[in-house]
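The values are calculated or read from the model by the stated rules, or taken from the named source; none is laboratory data. What you are looking at is a predicted structure, and each value in this text was computed from that prediction instead of being measured. Positions of Cβ are generated from backbone atoms using ideal geometry, with glycine treated the same way; all protein chains shown enter the neighbour counts. Heads up: the accessible areas ignore ligands, DNA and RNA and are worked out on the full protein's heavy atoms, side chains in. Shrake-Rupley method; radii C 1.70, N 1.55, O 1.52, S 1.80 Å.
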Amino acid sequence: SDSGWRVMRGEEKLVERTGNRVTLSPGSSFGHLSILQGEEIEFGLMPAAGYGILRTRLFTGDPSSRKDGLALLFMHYGSQIHVGVDRGDEQANNQGFNNATQRRVPQGQPARVRLAINEGNVELFINDVPAEKFPIIADKVTGAGLVFEPAAMNGNPETAMTITDFKLMKASSAMWSPSVDPVGKENALVVPRFRRDAPPKHALLAANGDLLRGTVQAATSTHIRMGIGVETVDVPRDRVAAMVWLKAPPAKGEMPLVEAAGDKELESWKVSSKAPWFLLRDGGRVKLAVEKFEADRVIGSCTLFGKCEVPLDLIASIHLSSPPPSRAMLSYQRWNLRHAPEPVLPEGGGANSPLVGTQSGDFTLPMLEGGNFQLAANKGKVVVLDFWATWCGPCVASLPELMAAMKPFPEDKVAFIAVNQAEAAENVKSFLQQRRWVLKVAMDADQKIGRQFGVEGIPHTVVIGPDGKIAHVTTGYVEGGGEKIAEVVRGLVK
């Protein structure tokens, strides 16, 4: 029921979820990027067809990385299970693991795996019998994520693996962080062109992973006041699970930015002086310049929050040096803003693009109105991608013509997608509503897909044939260009 569990690799259909059971087919991975905030995890493990290997990656902040966190390989066959540390080989067929341990398990039944998370190691229990301790390398801990995926080893291919009855024992003093959709997070960290001189400073996270970015102006016991552009919103405190300080984008090669208040505060929060750290029983922590101790509280000042009073019964311990970051804190360490790349207006067309005739690489982008567009899922259709932005005059001039030219084609034969370049969703929605345009829009927040298709100026239109090969590329706006694209499409439709 936790919405933080997601398919991290492969298509949704490769992960079968039924009640308390998940079966992972080859080519898939399944995980949760903020689940490891407890003292233990436990799950049943069984190959779907008698033999299989499961890679279990702990303390990761990047589901695609094989280099961070702690990766364990569970090789289960018959009545034997071998467990060791993945060597981290990037080849398709991993050559094995280190520090392997072997245990017998009842044949035909799930092996019960328990991982106890300690200060510097993870202790493995198989069917409640201690098996091995694996050290945690602090430099590789990049978050609180857990990812399961079938693995190949020693020439043996990936096979389906089943995980059952997953349990988490939460630590009583652990700070809990909600799971955030990775695509939503990436979009939220992009600063659009018109906000470069005043980037957002904070993000409020709801328990369900919803996100609101802006600048916190005030907080009371009942509400948090958030400035969003020129608007002010009062958010009920009971809807906020966490608040994240956003790191301002780098200024190198950019126009000078207004310095984000809070950056220097965060630095002094990390490095300043001899004030002690107070670790709290709810998992929080505060660095406090103590003014006095009273019978039931400590009174002092904090760089981030000003004057503070901390109840004594909330304090778990006091540290004279900076304590190591919690896993919840690590899960927020990569919240770095970045500027939307500056699209370049074209000087001419791109009909002779070297991309023509090449196989188009697959991609997935979030749609403006929800859901995703995946190129591979549209194989067999003609796909027309028009890269555009609301501020681009030639784009605004060309789109109505292109929309009219694409309208006669049936949706089961032709997919027409307007790929917006690095703009906020609310701005695009407002733009479309004002013009009453009905348009399927995919959001290319960091312009990664634009770069994949050679976008150097906009509008930039790419036509992909039913065979997945790029058939036509045009850059810029010319009157009658929509009908020329339609001619290309008619020649490709079968």
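Quick one: which of R213, R196 is of a type outside the set (A, V, I, L, M, F, W, C), at pLDDT 75 or above and within 30 Å of R6 (Cα to Cα)? Explain how you work it out, then say what you get.
Details: R196 fails: within 30 Å of R6 (Cα to Cα).
So the residue among R213, R196 that is of a type outside the set (A, V, I, L, M, F, W, C), at pLDDT 75 or above and within 30 Å of R6 (Cα to Cα) is R213.
Evaluate the following for S321: is it more than 33 Å from the chain's Cα centre (by Cα) and among the polar types (S, T, N, Q)?
Details: more than 33 Å from the chain's Cα centre (by Cα): no; among the polar types (S, T, N, Q): yes.
When the stated conditions are applied, S321 does not pass them.
I'd like to check something: does segment 47-57 contain any residue that is at pLDDT 90 or above and out of contact with any strand residue (DSSP E or B) (no Cβ under 6 Å at 6 or more places or on another chain)?
Restricting attention to segment 47-57, the residues satisfying the condition of being at pLDDT 90 or above are 47, 52-57.
So of that shortlist, the ones also out of contact with any strand residue (DSSP E or B) (no Cβ under 6 Å at 6 or more places or on another chain) come out as none.
No, every residue in segment 47-57 fails to be at pLDDT 90 or above and out of contact with any strand residue (DSSP E or B) (no Cβ under 6 Å at 6 or more places or on another chain).
From the residues in segment 220-237 that are open to solvent by less than 70 Å² (accessible area, probe 1.4 Å) and aliphatic (A, V, I, L, M), which one is nearest to G184 (Cα to Cα)? Lay out the reasoning, then the answer.
As a first pass, look at segment 220-237 and keep what is open to solvent by less than 70 Å² (accessible area, probe 1.4 Å): 224, 226-229, 233, 235-236.
Still in the list and also aliphatic (A, V, I, L, M): 224, 226, 228, 233, 235.
Details: I224: 22, M226: 19, I228: 17, V233: 20, V235: 19 Å.
Looking at residues that are open to solvent by less than 70 Å² (accessible area, probe 1.4 Å) and aliphatic (A, V, I, L, M), I get I228.
Is segment 414-433 home to any residue that is surrounded by fewer than 17 Cβ atoms within 10 Å (Cβ to Cβ) and either at pLDDT 95 or above or assigned to a loop (DSSP other than H, G, I, E, B) (or both)?
Taking every residue of segment 414-433 in turn, none turns out to be surrounded by fewer than 17 Cβ atoms within 10 Å (Cβ to Cβ) and either at pLDDT 95 or above or assigned to a loop (DSSP other than H, G, I, E, B) (or both).
Could you tell me whether D313 is within 30 Å of V191 (Cβ to Cβ), charged (D, E, K, R) and at pLDDT 90 or above?
Numbers: within 30 Å of V191 (Cβ to Cβ): no; charged (D, E, K, R): yes; at pLDDT 90 or above: yes.
Spelling it out, it is not the case that D313 is within 30 Å of V191 (Cβ to Cβ), charged (D, E, K, R) and at pLDDT 90 or above.
I'd like the residue in segment 137-149 that is surrounded by fewer than 18 Cβ atoms within 10 Å (Cβ to Cβ) and not charged (D, E, K, R) and, out of all such residues, is farthest from L73 (Cα to Cα). Before you say what the answer is, go through the steps one by one.
Within segment 137-149, the subset surrounded by fewer than 18 Cβ atoms within 10 Å (Cβ to Cβ) is 137-140.
Retained after the next criterion (residues that are not charged (D, E, K, R)): 137-138.
Numbers: I137: 17, A138: 20 Å.
If we take residues in segment 137-149 being surrounded by fewer than 18 Cβ atoms within 10 Å (Cβ to Cβ) and not charged (D, E, K, R), then A138 is farthest from L73 (Cα to Cα).
Any residue in segment 358-384 that is farther than 14 Å from F416 by Cα sitting within a Cβ distance under 7 Å of a residue that is among the hydrophobic types (A, V, I, L, M, F, W, C) and part of a loop (DSSP other than H, G, I, E, B)? List the pairs, counting only those 6 or more apart or interchain.
S360/L375; D362/L375; F363/L375
Tally the residues that are touching a Lys or Arg at 6+ places or on another chain (Cβ under 9 Å), under 22 Å from A377 (Cβ atoms) and either touching a residue at least 24 places away in the same chain (Cβ under 8 Å) or in a helix (DSSP H, G or I) (or both), restricting the search to segment 401-413.
Residues that pass the stated criteria total 3.
Which one is nearest to the chain's Cα centre (by Cα), of the residues in segment 434-445 that are surrounded by fewer than 17 Cβ atoms within 10 Å (Cβ to Cβ) and of a type outside the set (S, T, N, Q)?
Residues of segment 434-445 surrounded by fewer than 17 Cβ atoms within 10 Å (Cβ to Cβ): 434-438, 440.
Next cut, of a type outside the set (S, T, N, Q) only: 435-438, 440.
Numbers: R435: 32, R436: 32, W437: 30, V438: 29, K440: 23 Å.
Checked segment 434-445; the qualifying residue nearest to the chain's Cα centre (by Cα) is K440.
Taking L73, is it within 15 Å of A151 (Cβ to Cβ), touching a Lys or Arg at 6+ places or on another chain (Cβ under 7 Å) and modelled with pLDDT of 85 or more? It would help to see each step written out before you state the result.
Working: within 15 Å of A151 (Cβ to Cβ): yes; touching a Lys or Arg at 6+ places or on another chain (Cβ under 7 Å): yes; modelled with pLDDT of 85 or more: yes.
Yes; evaluated as a whole, the condition is true for this residue.
Quick one: is V298 in contact with a helix residue (DSSP H, G or I) (Cβ under 8 Å, 6 or more places away or on another chain), open to solvent by less than 30 Å² (accessible area, probe 1.4 Å) and at pLDDT 90 or above? It would help to see each step written out before you state the result.
Working: in contact with a helix residue (DSSP H, G or I) (Cβ under 8 Å, 6 or more places away or on another chain): yes; open to solvent by less than 30 Å² (accessible area, probe 1.4 Å): yes; at pLDDT 90 or above: yes.
Answer is yes for this residue.
Search segment 1-54 for residues being among the hydroxyl-bearing types (S, T, Y) and part of a loop (DSSP other than H, G, I, E, B), and hand back the single one that is most open to solvent (accessible area, probe 1.4 Å). Give the steps one after another, and end with the answer.
Let us first name the residues in segment 1-54 that are among the hydroxyl-bearing types (S, T, Y), namely 1, 3, 18, 23, 25, 28-29, 34, 51.
Applying the additional criterion that residues be part of a loop (DSSP other than H, G, I, E, B) yields 1, 3, 25, 28, 34.
Values: S1: 172, S3: 76, S25: 37, S28: 0, S34: 9 Å².
Filtering segment 1-54 for residues that are among the hydroxyl-bearing types (S, T, Y) and part of a loop (DSSP other than H, G, I, E, B), the one most open to solvent (accessible area, probe 1.4 Å) comes out as S1.
Considering only residues that are crowded, with 16+ Cβ neighbours inside 10 Å and either out of contact with any helix residue (DSSP H, G or I) (no Cβ under 7 Å at 6 or more places or on another chain) or assigned to a strand (DSSP E or B) (or both), which ones fall in segment 373-390? Don't jump to the end; show me each part of the working.
Of segment 373-390, the ones crowded, with 16+ Cβ neighbours inside 10 Å are 373, 375, 378, 381-390.
Those that are crowded, with 16+ Cβ neighbours inside 10 Å and either out of contact with any helix residue (DSSP H, G or I) (no Cβ under 7 Å at 6 or more places or on another chain) or assigned to a strand (DSSP E or B) (or both): F373, L375, N378, K381, V382, V383, V384, L385, D386, F387, W388.
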